[in-house]
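A.B. asks: Structure provided below as structure tokens; questions to follow.
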Amino acid sequence: MKSFYFTFILIFSGIMAFGQNNSTSDSLNIRKIYDMSLLNGKSYEWLDHLSNEIGGRLSGSFSAQQAVEYTKVELEKLGLDKVWLQPVMVPKWTRGEREFAYVQTAPGVTRNVNITALGGSIATPAGGTKAKVIEVQGLEQLKEYGREQIEGKIVFYNRPMRADHIQTFEAYGGCVDQRYSGAEEAAKYGAVGVIVRSMNLRMDDFPHTGAMSYGDTPKDKRIPAAAISTNDAQYLSGILKVQKDLELYFKMSCELHEDVESYNVIGEITGSEQPKEIMVVGGHLDSWDLGDGAHDDGAGVVQSMEVLRLFKEIGYKPKKTLRVVLFMNEENGLRGGNKYAEVAKSKNENHVFALESDAGGFTPRGFSFMATDAQFDKVLAWKNLFKPYLVHYFEQGGSGADIGPLEGGNTVLAGLRPDSQRYFDYHHAANDTFDKVNKRELELGAATMASLVYLVDKYGFNNISKETTEILD
Ligand SMILES: [Zn+2]
């Protein structure tokens, strides 16, 4: 390893001697970042611990607290300028006993189906809920059936994610209102419960949980909500066509408790030249409780930590302040993201850039940006530097939920965009586990993030010199 870097330094200084330009030094530094991540990375080891030693990290749980303590200690080991915990109150929801459900087609004739409570749902009555089922293809269809046909029944939301969307997040966006608002809307028509087809493009037996909200539904009008696996959604829909009066039984004992104190974990390398200009890299430390949250968002957490470690290892001292923020409670409240932005605002901090990784630990394809056209043009000038790494997706679009509250002023927000084809196979389900994350893909993602941060640090988004733009073009 040592001789490898020695050779590298020789080549590097050779180029320096022959009159190096920005583009060459940038591609060499980016090469160093990728080499370090792939040959001597730490992200996979951290993820192993987070996933296998700690496991699912639902907000307010003991394991979420363990994750706070573990990542704080690991960041301290990196020799950063500052590491601290930022207190934030988070909701605490517990699943209780494992959910149970079956479809009854005739007295005594039942078939079990795989369900899981949606995060934030109330429990069913202790004896469970049993009722006839009405299938709808979305919130819009409730109105069509009206109270007459819905009252006393379980509403079954079965609009699938569209397979023809290449960007699977679009397919998710086209369905997730059923999960988030399904119970609130169905309760208005007198439904006694809701079952939502899992947000999954694949046919399998895993139910996928996720956040839901009752909006301003009064407490006594709230109804329990669960997700059903795609295979069982298919089964239920099929059998409903021939037997409209079948009954579905489900039992859940989940519970919402008082808020509890938790933390965002923050580490910082203070900028050597413009310390008041802050760049953030982050992911969210909490996860759902069914799997171990390796893709969502253990991957983003360890990649963000790795960005700072890579800079340290290659000896790059950022000119601007670089912070890693491990946000708490993205999944069911976004309290961590909101708290971080609130504190930043109250301290009048100047965030020039924030980058989140929260789309899985898959092969990085590029980034989406929330930036002005002028800022985005500057980003596009860097695109060629990513070519050797097969990273080519640079588009305007969303960023990340946790950094969203930082929007405003001149802050450029960005999201790492990994390949998303398999993400929803695992998202919020029991199979989101460490073994589904590929070491190289994870490391490539960390290096891709670090490379972008390096360029933002060096050039910023404003006043990029004409010369640099020409070279990079
Ligand atoms: Zn996430």
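A.B. asks: Taking the stated definitions as given, is E467 away from the ligand (no atom under 16 Å from the Cβ), at pLDDT 95 or above and assigned to a helix (DSSP H, G or I)? If you could, list the steps in order and put the result at the bottom.
C.D. replies: On the way: away from the ligand (no atom under 16 Å from the Cβ): yes; at pLDDT 95 or above: no; assigned to a helix (DSSP H, G or I): yes.
So E467 fails the test.
A.B. asks: Let me ask something else about it. Go through the range 217-276 and give me each residue that's loosely packed, with under 15 Cβ neighbours inside 10 Å, closer than 21 Å to V325 by Cβ and among the charged types (D, E, K, R).
C.D. replies: Across the range 217-276, the qualifying residues are E261, K276.
A.B. asks: Within the range 251-269, count every residue that is more than 30 Å from E69 (Cα to Cα) and in contact with a Phe, Trp or Tyr (Cβ under 7 Å, 6 or more places away or on another chain). Lay out the reasoning, then the answer.
C.D. replies: Residues of the range 251-269 more than 30 Å from E69 (Cα to Cα): 251-252.
So of that shortlist, the ones also in contact with a Phe, Trp or Tyr (Cβ under 7 Å, 6 or more places away or on another chain) come out as 251.
Looking only at that region, the number is 1.
A.B. asks: A follow-up question, please. Return yes when V281 is farther than 17 Å from S63 by Cβ, touching a strand residue (DSSP E or B) at 6+ places or on another chain (Cβ under 9 Å) and more than 13 Å from the ligand (Cβ to nearest atom) and no when it is not. Break it down into steps so the answer makes sense when it comes.
C.D. replies: Numbers: farther than 17 Å from S63 by Cβ: yes; touching a strand residue (DSSP E or B) at 6+ places or on another chain (Cβ under 9 Å): yes; more than 13 Å from the ligand (Cβ to nearest atom): yes.
Judged against the criteria, V281 is a match.
A.B. asks: Okay, next question. Only one of V90, V133 is of a type outside the set (F, W, Y), closer than 15 Å to F250 by Cβ and in contact with a strand residue (DSSP E or B) (Cβ under 6 Å, 6 or more places away or on another chain); which?
C.D. replies: Values: V90 fails: closer than 15 Å to F250 by Cβ.
Matching residue, one of V90, V133: V133.
A.B. asks: Continuing with the same structure: How many residues are of a type in the set (D, E, K, R) and surrounded by 22 or more Cβ atoms within 10 Å (Cβ to Cβ) when one looks only at the range 167-189? Steps first, please.
C.D. replies: Just the residues of the range 167-189 that are of a type in the set (D, E, K, R), to begin with: 170, 177, 179, 184-185, 188.
Now drop any that are not surrounded by 22 or more Cβ atoms within 10 Å (Cβ to Cβ), which leaves 179, 185.
Residues that pass the stated criteria total 2.
A.B. asks: What about V68, is it assigned to a helix (DSSP H, G or I), without any contact (Cβ under 8 Å) to a residue 24 or more places away in the chain and among the β-branched types (V, I, T)? Don't jump to the end; show me each part of the working.
C.D. replies: Values: assigned to a helix (DSSP H, G or I): yes; without any contact (Cβ under 8 Å) to a residue 24 or more places away in the chain: no; among the β-branched types (V, I, T): yes.
In short, no.
A.B. asks: Which ones in the range 294-347 are small (G, A, S), closer than 20 Å to E261 by Cβ and within 16 Å of the ligand (Cβ to nearest atom)?
C.D. replies: Listed by number, the residues that qualify are G333, G336, G337.
A.B. asks: Within the range 348-362, how many residues turn out to be within 11 Å of the ligand (Cβ to nearest atom) and part of a loop (DSSP other than H, G, I, E, B)? Let's see the steps before the verdict.
C.D. replies: Keep residues of the range 348-362 that are within 11 Å of the ligand (Cβ to nearest atom), which gives 356-360.
Then keep just the ones that are part of a loop (DSSP other than H, G, I, E, B); that gives 357-360.
Total satisfying the criteria: 4.
A.B. asks: Go through the range 37-53 and give me each residue that's in contact (Cβ under 8 Å) with a residue 24 or more places away in the chain, assigned to a helix (DSSP H, G or I) and surrounded by 15 or more Cβ atoms within 10 Å (Cβ to Cβ).
C.D. replies: The initial filter retains those residues of the range 37-53 that are in contact (Cβ under 8 Å) with a residue 24 or more places away in the chain, namely 37-44, 46-48, 50-52.
Now drop any that are not assigned to a helix (DSSP H, G or I), which leaves 37-40, 43-44, 46-48, 50-52.
S37, S43, Y44, W46, L47, D48, L50, S51 - these are the residues of the range 37-53 that are in contact (Cβ under 8 Å) with a residue 24 or more places away in the chain, assigned to a helix (DSSP H, G or I) and surrounded by 15 or more Cβ atoms within 10 Å (Cβ to Cβ).
A.B. asks: Report, by residue number, each residue of the range 301-333 that is within 15 Å of L80 (Cβ to Cβ) and assigned to a helix (DSSP H, G or I).
C.D. replies: S304, M305, E306, V307, L308, R309, L310, F311, K312, E313
A.B. asks: Condition (residue is farther than 22 Å from S27 by Cβ, within 19 Å of the chain's Cα centre (by Cα), at pLDDT 95 or above and among the hydrophobic types (A, V, I, L, M, F, W, C)) applied to the range 371-388: is it met by at least one residue?
C.D. replies: no
A.B. asks: How about the range 233-273: which of its residues are more than 19 Å from G193 (Cα to Cα), assigned to a strand (DSSP E or B) and of a type outside the set (S, T, Y)?
C.D. replies: Once the filter is applied, which keeps residues that are more than 19 Å from G193 (Cα to Cα), assigned to a strand (DSSP E or B) and of a type outside the set (S, T, Y), the range 233-273 yields H257, E258, D259, V260, E261, N264, V265, I266, G267, E268, I269.
A.B. asks: Still on this structure, I have one more. If you go through the range 206-224 one residue at a time, do you hit one that is more than 30 Å from G397 (Cα to Cα), in contact with a helix residue (DSSP H, G or I) (Cβ under 7 Å, 6 or more places away or on another chain) and assigned to a helix (DSSP H, G or I)?
C.D. replies: Checking the range 206-224: at least one residue is more than 30 Å from G397 (Cα to Cα), in contact with a helix residue (DSSP H, G or I) (Cβ under 7 Å, 6 or more places away or on another chain) and assigned to a helix (DSSP H, G or I).
A.B. asks: Restricting to the range 115-153, name every residue that is assigned to a loop (DSSP other than H, G, I, E, B) and touching a Ser or Thr at 6+ places or on another chain (Cβ under 7 Å). So that I can check it myself, show each step before the final result.
C.D. replies: Filtering the range 115-153 for residues assigned to a loop (DSSP other than H, G, I, E, B) gives 118, 120-128, 137-140, 151-153.
Passing the criteria: L118, G120, A123, L139.
A.B. asks: Which condition breaks for M279 when tested against (1) more than 19 Å from K72 (Cβ to Cβ); (2) over 21 Å from the mean Cα position of the chain (by Cα); (3) assigned to a strand (DSSP E or B)?
C.D. replies: Condition (2) is where M279 drops out.
A.B. asks: Counting only residues that are crowded, with 24+ Cβ neighbours inside 10 Å and more than 18 Å from N264 (Cβ to Cβ), how many does the range 307-317 have?
C.D. replies: Taking the range 307-317 first, the residues crowded, with 24+ Cβ neighbours inside 10 Å are 307, 309-310.
With more than 18 Å from N264 (Cβ to Cβ) added as a condition, the list becomes 309-310.
Residues that pass the stated criteria total 2.
A.B. asks: Could you please tell me which pairs satisfy a Cβ distance under 8 Å, a separation of 6+ or placement on different chains, a first residue in the range 19-36 that is charged (D, E, K, R), and a second residue that is in a helix (DSSP H, G or I) and modelled with pLDDT of 95 or more?
C.D. replies: Sorted first by the residue in the range 19-36, then by its partner, the pairs are D26/L385; D26/Y454; D26/L455; D26/K458; R31/P388; K32/I314.
A.B. asks: Tell me whether the range 399-417 contains one or more residues that are more than 16 Å from the ligand (Cβ to nearest atom), in contact (Cβ under 8 Å) with a residue 60 or more places away in the chain and in a helix (DSSP H, G or I).
C.D. replies: Checked against the condition, which is being more than 16 Å from the ligand (Cβ to nearest atom), in contact (Cβ under 8 Å) with a residue 60 or more places away in the chain and in a helix (DSSP H, G or I), the range 399-417 yields at least one hit.
A.B. asks: Considering only residues of the range 174-196 that are part of a helix (DSSP H, G or I) and of a type in the set (A, V, I, L, M, F, W, C), which is nearest to the chain's Cα centre (by Cα)?
C.D. replies: Step by step, filter the range 174-196, then rank; the result is V176.
A.B. asks: Filter the range 363-373 for residues that are outside any strand (DSSP E or B) and in contact with a Leu (Cβ under 7 Å, 6 or more places away or on another chain) and give the result. Walk me through how you get there before you give the answer.
C.D. replies: Initially, the range 363-373 is screened for residues outside any strand (DSSP E or B), giving 363, 371-373.
The answer is T363, and nothing else.
A.B. asks: Let me ask something additional. So for the range 285-293 (the condition being part of a strand (DSSP E or B), within 16 Å of the ligand (Cβ to nearest atom) and of a type in the set (G, A, S)), does at least one residue qualify? Break it down stepwise before answering.
C.D. replies: Initially, the range 285-293 is screened for residues part of a strand (DSSP E or B), giving none.
No, there is no match, as no residue in the range 285-293 is part of a strand (DSSP E or B), within 16 Å of the ligand (Cβ to nearest atom) and of a type in the set (G, A, S).
A.B. asks: Ok, one more. Only one residue in E184, E170, E151, E247 is modelled with pLDDT of 95 or more and closer than 25 Å to L58 by Cα, so which one is that? Let's see the steps before the verdict.
C.D. replies: On the way: E170 fails: closer than 25 Å to L58 by Cα; E151 fails: closer than 25 Å to L58 by Cα; E247 fails: closer than 25 Å to L58 by Cα.
Going through E184, E170, E151, E247 in turn, the sole match is E184.
A.B. asks: So V260 ticks every box in (1) within 12 Å of the ligand (Cβ to nearest atom); (2) over 15 Å from D402 (Cβ atoms) but one. Which box is left unticked?
C.D. replies: (1)
A.B. asks: Any residue that is of a type outside the set (D, E), at positive phi and modelled with pLDDT of 95 or more - is there at least one of those in the range 97-104?
C.D. replies: Residues of the range 97-104 that are of a type outside the set (D, E), as a first pass: 98, 100-104.
After this cut, where a residue has to be at positive phi as well, the list is none.
Checked against the condition, which is being of a type outside the set (D, E), at positive phi and modelled with pLDDT of 95 or more, the range 97-104 yields no hits at all.
The values are calculated or read from the model by the stated rules, or taken from the named source; none is laboratory data. This structure is a prediction, so every number in the text was calculated from the model and none was measured. Ideal geometry is used to build each Cβ from the backbone, glycine not excepted, and the neighbour counts take in all protein chains shown.
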